[in-house]
1. Given the conditions (1) at pLDDT below 95; (2) touching a helix residue (DSSP H, G or I) at 6+ places or on another chain (Cβ under 9 Å), and given that Ala151 satisfies all but one, which numbered condition is not satisfied?
2. Being farther than 16 Å from Arg225 by Cα, free of Cβ contacts under 8 Å to residues at least 24 places away in the same chain and hydroxyl-bearing (Ser, Thr, Tyr) is the filter here, so list the residues in the stretch 157-206 that pass it.
3. Kindly provide the set of residues from the stretch 188-212 that are outside any loop (DSSP other than H, G, I, E, B), more than 15 Å from Pro173 (Cβ to Cβ) and not β-branched (Val, Ile, Thr), ordered by number.
4. Whether any residue in the stretch 254-277 is of a type in the set (Asp, Glu) and assigned by TED's automatic domain parsing to the domain that holds Leu30 is what I want to check.
5. Within the stretch 253-265, is even one residue more than 30 Å from Leu215 (Cβ to Cβ) and either in contact with a His (Cβ under 7 Å, 6 or more places away or on another chain) or of a type outside the set (A, V, I, L, M, F, W, C) (or both)?
6. Looking at the stretch 217-233, can you tell me whether even one residue there is among the small types (Gly, Ala, Ser), buried (at least 17 other Cβ atoms within 10 Å of the Cβ) and in a helix (DSSP H, G or I)?
7. Does at least one position in the stretch 268-284 carry a residue that is modelled with pLDDT of 95 or more, of a type in the set (Ser, Thr, Tyr), in contact with a helix residue (DSSP H, G or I) (Cβ under 9 Å, 6 or more places away or on another chain) and in a loop (DSSP other than H, G, I, E, B)?
8. Scan the stretch 114-145 for residues that are over 23 Å from Asp50 (Cβ atoms) and within 22 Å of the chain's Cα centre (by Cα) and jot them down.
Amino acid sequence: MPCHNTDQSSNQPPPPTSPPLCLRILQLNLNKSEKAHVEFTNNIKREDWDIVLVQEPHMISKFNVLRTPTNYRPIFPENRGRNNSPVRSLIWVSTALDTSSWKIVNIPDTNDLTGIQLKGEYGTLTIFNIYNDCNNSDTENALNSFIRNHADLLRRDENSHMVWAGDFNRHHPMWDRDEDTRLFTARSQHTAGRIISMLADHDMVMPLPKEIPTLEHMRSKRLSRPDNVFCTAGLQEAITSCDVSVSMRLPCTDHFPITTKLSLRQKQSSSISSYNFRDTDWDIFKKKLQENLAKFPPPAEIETNADLNLTAANLTTAI
């Protein structure tokens, strides 16, 4: 064989694998930093994280491009490209998850909200990735309205769950450290009160324990908790861990990654054996390719789409 398959049983279809026992979610604000975004995309592996929630990604403005890591599928805001506002929320979904087990939830008229709904034996789980502006309540208002207007999609029965995660940019003694009294201004308590009311209205709880900071200010080094995770009360028992990973912090961002794991099985995509092309004997490969190509008609000018498709199929078969 000119190429060596990394699967020892290359002549047999790979055995079915059981879905991981938990759903793994990673979230991080990249502070619009290109360095942080590139390092993040280069180090994220689909084997480690099923869902990645990104706030304030770096956008290549010249091309309006947002980089996506290998082996992940991007979910962008529905409003992306319709105005000049930056995209401040996106989701990456591991290609290890079967595409039939999840769908995009589009929230109109905002670049600060993205959503995905997963389904499994447990029911449905809708995850909202949120960037909430410091200076207005547009995002939380959009989220609240969307949930109320789509109750049939999001809250059909007791097996319908939700997670709200992201950068809420709100401070309150409910989640910040008690000693951080500098954060508890009258204005901050008023704005945080809107979020707290929404939590009560939609039966949400906070799995990330109080007083765990999610940000260290670049200059002052002061700690605070703008990022958070909330989930419907019925989902709390399924959360096996929810914590901050200081060791995973990236350069050029003052936010800490938050990791959440839930004991929910998610359908996996079919495993496909792959080849290790670095071990190819290219002399044998070229000889074998010539033999295979000789089985097909000789090269001819391609004049129609049918000719193009047939030629491409023959070449692929030969390779």
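1. All conditions pass for Ala151, except number (2).
2. Residue satisfying the conditions is Ser197 alone.
3. Those that are outside any loop (DSSP other than H, G, I, E, B), more than 15 Å from Pro173 (Cβ to Cβ) and not β-branched (Val, Ile, Thr): Arg194, Ser197, Met198, Ala200, Asp201, Met204.
4. yes
5. So far as the stretch 253-265 goes, yes, one or more of its residues are more than 30 Å from Leu215 (Cβ to Cβ) and either in contact with a His (Cβ under 7 Å, 6 or more places away or on another chain) or of a type outside the set (A, V, I, L, M, F, W, C) (or both).
6. No: the stretch 217-233 contains no residue that is among the small types (Gly, Ala, Ser), buried (at least 17 other Cβ atoms within 10 Å of the Cβ) and in a helix (DSSP H, G or I).
7. no
8. Asn132, Asp133, Thr139, Glu140, Ala142, Asn144
The values are calculated or read from the model by the stated rules, or taken from the named source; none is laboratory data. Keep in mind that this is a model prediction, so the values were computed, not measured. Note that we place each Cβ from the backbone using ideal geometry, even for glycine, and neighbour counts take in every protein chain shown.
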